[in-house]
Amino acid sequence: MEKEISRNTYVLQEDESIGSVQIADEVVAMIASLAATEVEGVSSMAGNITNELISKVGVKSLTKGVKVQVTGSNVKVDLSLSLEYGYNIPGTSSKVQEKVKNAIENMTGLKVTDVNIRIVNVSMEPGRS
């Protein structure tokens, strides 16, 4: 039986008696994107949308501006963000790093070694309430 794999997947748990749990790298990227856009001051991912519009578009656009690299059980995340005007960049970035790290580690059990942030835009639109 031949398996076709179109994306990278990683084994999270393997138990011969019951089976295995695998996760696609796109899922890790989606978790990172959702966690980052929940932080106050983050307007959107680069080339992406805000959380309010996610239900109206496909999942593919959700992972734009996110790159994940999984090596064994370690994850490195690179994020490109658009911030809202008036927010402290280092403070907001620190909150994003912590939220993304916690979300990935809690949901997948993988260890996040790096969360690198690149600010690519400052949005002049009014902030979320």
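Every number in this text was worked out from the coordinates using simple rules, so none of it is lab data. Keep in mind that what you see is a predicted model, and the values were worked out from it rather than measured. Ideal geometry is used to build each Cβ from the backbone, glycine not excepted, and the neighbour counts take in all protein chains shown.
Brief remarks on what is shown
- Residue-span extension gain [Asn102 to Asp78] - 0.36 nm each, minus C-alpha spacing: 7.1 nm
- Each peptide in 38-46, 9-17 receives the mean, over its residues, of other Cβ atoms within 10 Å, and ordering these scores from highest gives 38-46, 9-17.
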